[in-house]
Structure formats: C-alpha cells, structure tokens
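Okay, structure first, notes after.
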Amino acid sequence: MKKAALVAFFPEASFGAALNCVGIAQELRAAGARPVFICHPGFHGVFAEYGFPEYHLNGADDLSEDRRQRYWDDFVQRHRDTFRLAPLDQIEAYVVPTWEAIVDTAVAVEAPLKQLLARLKPDVVVLDNVVMFPAIAAAGVPWVRVVSCAETEIADPRVPPAFSGCRVDDAAGQALFRARYAAAIAPVHERYNRFRAACDLPPLPGTDFIEASPHLNLMLTPQVVRLDRERPLEEPAFVFLDGCVRAEGPYVPPTFPRHDDAALVLTSFGSLGSMDVALIERMIGVFSRLPYRFLVNVGAWRDAYRQVPDNVYLDSWFPQPSVVAESRLFIHHGGNNSFCEALNFGVPSLVMPYCWDGHDNAARAEEAGVGARLPRYDWTEAELAAAITGLVEDRGLNARLSAVGERMRAGHGARRAAEAILARVGQAAARVAAGG
C-alpha cells in the first residue's frame, strides 16, 4: 500500500501566512496526504483548530513561554508610531528593525528546527516566510516556497520595490526607494549572509533574504493584479495560484437594530492593526452615520470600546473568508491574504495600509481598479464616508469584480497548490527509486 506523503508546513509567525497554509493543507488532506505544522511560539493551537498535528519550536531561547508569545506584540507596540510615516521613512524606522528581528528568529530556531526535521522525516517542506532557514535546505527533501506577501517580494526591474507603495509608473520614486533601502538594509543583510555561510549555504545577492526554491514556488497573486515582468516567473518552477483561500464554516451575520437589510461591510486590520483602538473608534464614528451594516474585527481589545452604534458589530475574531463572501466591501490593511480573499469573492477593497506589503497592495488595488487606497491616518470623515459609499454603490465595479471572483473560485488555487506539491514529492521519490 502506498504511504501517504508527509507534508511539513512552516509558516511565518503571522496569521496571514498561517491561514493561507491551512487552505493548502486542507486540500492535501483531502488528497490523502498527511499535512503537519511546525509552529512558532504564540501559534500553538491555531492549526489544531483545523485538525492538523502541530510540532512546536520551543527551546530556541531562554525566554519564558509567556514572554515568547508577547514578543511580536511588544515589538509592534514599540514601533507603532512608525506606522504614521511614509513608506520611504519607514525603511530605517520599521523595516530594518523588522528584518533584524526576523534574522534573530532564523538564527535562534536553526538548531531546534534541524532536530525537528530530522525526527519528522517529511517528504516535503512547505515554507511560507520571507527568510530562508538553512535547516530546510539541509533536510534532504524538496522544499516549496510560498509567496504569500505581495508579488513585489520577488524583485524585477519592471516591478516596484517591495514595501515602497510605489505605482508602476513612478520610476523616480522607485529609484529613490531602492537606493535608500539598499543602503539601510546592508548591515543586517551582511549579518544574515554570514549566518548562511556558517550553515554551508551560499550568500544571497542584493537585498534578498530568501532564494527561489529549485523545486517549486507558489505565487498567490491573482491574475487581475499581476505585474508585468522583464524576467517572467514561468512554470514549472513558478505556479501562480490565482488566489488561495481556506475553507471556513458558513457565517450568519448578527441582527442589527438599524439598517439590518443594508449592505454588509467588513473591517479588519489584522492581528497587529487591531491594536490601534483610537483609529478604529474614529472610523466607527463615521460608520454610525452611513446606511450600511459594519462588522469590525477588534482583536483582543473588545473591552476598550464603550459605546457601539446600532449598525456596528464588534468581535475579536471572524471566519474571514466566510464573512467576506457575505460582504459588499472589505476595509483592510493590505495584507496579501485579505486582498486575495476580497478578490476571490468579488468584493472591492478599501486599503488603509500601515506597513510591509500593505503599501504595495494598496497601490495595486488602485492601479488595477479593484478598490481604493486611503491613508491610514490622514483622512477626513467626509473622505472616508465618500470612499466607502463610492465602492459599495459602484455597480460597474461590483459586476466586474463578481466575474473576477467567479473565475478565481473556479480555478481552485489551494487545490492546484496541493497537486503541484504532491507532483514534486512524486518526482523526488522517482529519482530516489532510480538511484538519482
């Protein structure tokens, strides 16, 4: 009897990457494979909720379990004021410290990750991260790179630089950002390359912290927002999934005392953005005067809100894909998962970015005509109200996005990813059987 393939997922410590991998793992499980998840501290239980075994990367440092779980929350709290800066000024203030923290994590988990992979003996490792972990390259099995951030993560002369928020036609802005970014990132990039050398991996050029997998690279970018490249990313090495959305149970919206039959609008700024209570309270003030229903994800800060309007419902968590499917507008921070989910269900995006690839997805939503970009802080109540009303009531836009969503759902991106992963496992097994 043929042995079921053991697929080890290792997503970064963010819910976007984690839940994107859940979607692929669901399809792998349906195909008879055995998906498991390697967890960073703070994500224990996330994958078990979906019925997947978890293996925890503990012992990478001398911090207590509670302190490890609070690491990124504390990091964001220290840097939260930088979210008000333009992308160019975030380079030194936020992006470089973030890369330093990511490299610290890669170094700290190298030994326990190497030990865990030797014990698991997976048939393939699926890495959804922005940095390469040498233990994965040394595991002796195929590894798959998932690019669940914006497509800008893979550089190209025709593609705006990652984290810049530049439009495709802004050549001067792109050049300015590239030069400043390269200079600022040089010390941490050199440190990362020294770490790679110590692990017998070659250095990476430019400002890269991860290479393309020689086996398979999965790109989430939907066709409607894909960028033109000087060096195309072609199959079989690169597979564009046209989105990749996990399956959640159905969602029944609550009853609203006011506007209960009106269009539904979801607002979620991710696990980090929900910390910004003052911003969300200001937005709720605008929501209260609009003739729509609003669901707002406020994370762990539900008790910070004293008065909630009759057309607004707050919660600490929503089954996001199921809620987006019921919505007419999604207001979010530009996280790639949120952006892809909106497109997958034919819903326009109002992107209010604050860091990382959110800036790039905000620019792309505007350029591709699938939504609008609004500064996260520098807006008037009239501007926010007009942006919401304009997107909800634009029948032409909604009809076009509905067709986009139908095509994406028919493409079954998560299933296509699972098939591509299992094909690489089969190829590797055939090479071993042939003595190659």
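For segment 264-410, divide the Cα radius of gyration by the Kirkwood radius and give the resulting Rg/Rh value with two decimals.
Over the Cα atoms of segment 264-410, Rg/Rh equals 0.93.
For segment 264-410, what does the relative contact order come out to in percent, with C-alpha contacts under 8 Å and a separation of six or more?
Averaging sequence separation for qualifying contacts and normalising by length gives 22 percent for segment 264-410.
At most 16 other Cβ atoms within 10 Å and a DSSP loop assignment: could you name the trypsin sites (Lys or Arg not before Pro) in segment 98-197 that fit?
Here the sparse-neighbourhood loop sites are Arg158, Arg167.
Which value at 222 nm does the chain reach when only helices count, each DSSP H run of 4 or more adding -39,500 (n - 2.57), with the total divided by all residues and rounded to the nearest 500 deg cm²/dmol?
Mean residue ellipticity, 222 nm, calculated: -13000 deg cm²/dmol.
For a quick check: sort Thr389, Thr380, Thr221 by the number of other beta carbons within 10 angstrom, fewest at the front.
Arranged by neighbour count, lowest to highest, Thr389, Thr380, Thr221 become Thr380, Thr389, Thr221.
Report, in debye and to the nearest 20, how large the dipole of segment 264-410 comes out about its Cα centre when Lys and Arg carry +1 and Asp and Glu carry -1 on their Cβ.
260 debye
May I ask you to list the trypsin sites (Lys or Arg not before Pro) in segment 244-282 that are in a DSSP loop and have at most 14 other Cβ atoms within 10 Å of their Cβ?
Passing sites in segment 244-282 are Arg258.
Which of the helices in the chain meet the span-like rule: DSSP H, Cα axial reach of 27 Å or more, Kyte-Doolittle mean at least 0.5?
For the chain, where a helix must reach 27 Å along its axis and average at least 0.5, the hits are 96-120.
Looking at [x] 57, 57, 42; [y] 68, 52, 48; [z] 68, 48, 45, which value of Cα extents along the principal axes in Å comes from a calculation on the structure shown?
[y]
When the Cα centres of segment 290-342 and segment 149-177 are compared, how far apart do they sit, in Å?
So the separation of the two Cα centres works out to 29 Å.
Among DSSP beta bridges whose residues both lie in the chain, state the antiparallel percentage, nearest 5.
Bridges in the chain are about 0 percent antiparallel.
What is the dipole size for the chain, taken about its Cα centre, with +1 at each Lys and Arg Cβ and -1 at each Asp and Glu Cβ, in debye to the nearest 20?
With only Lys, Arg, Asp and Glu charged at Cβ, the dipole is about 960 debye.
Between Leu272, Val124, Met408, whose Cα lies farthest towards the positive end of the dipole of the chain when Lys and Arg beta carbons carry +1 and Asp and Glu beta carbons carry -1, centred on the Cα centre?
Selected residue: Val124.
Along the charge dipole of the chain, which of Ala162, Ser288, Pro214 sits closest to the positive end, that is, farthest toward it, with unit charges on the beta carbon of Lys, Arg, Asp and Glu (+1, +1, -1, -1)?
So the residue we want is Pro214.
FYI, it's all coordinate maths here, none of it is from the lab. Just so it is clear, the model here is predicted, and its values are computed rather than measured. Neighbour counts are summed over all protein chains in view; Cβ atoms, including those assigned to glycine, are modelled from backbone coordinates with ideal geometry.
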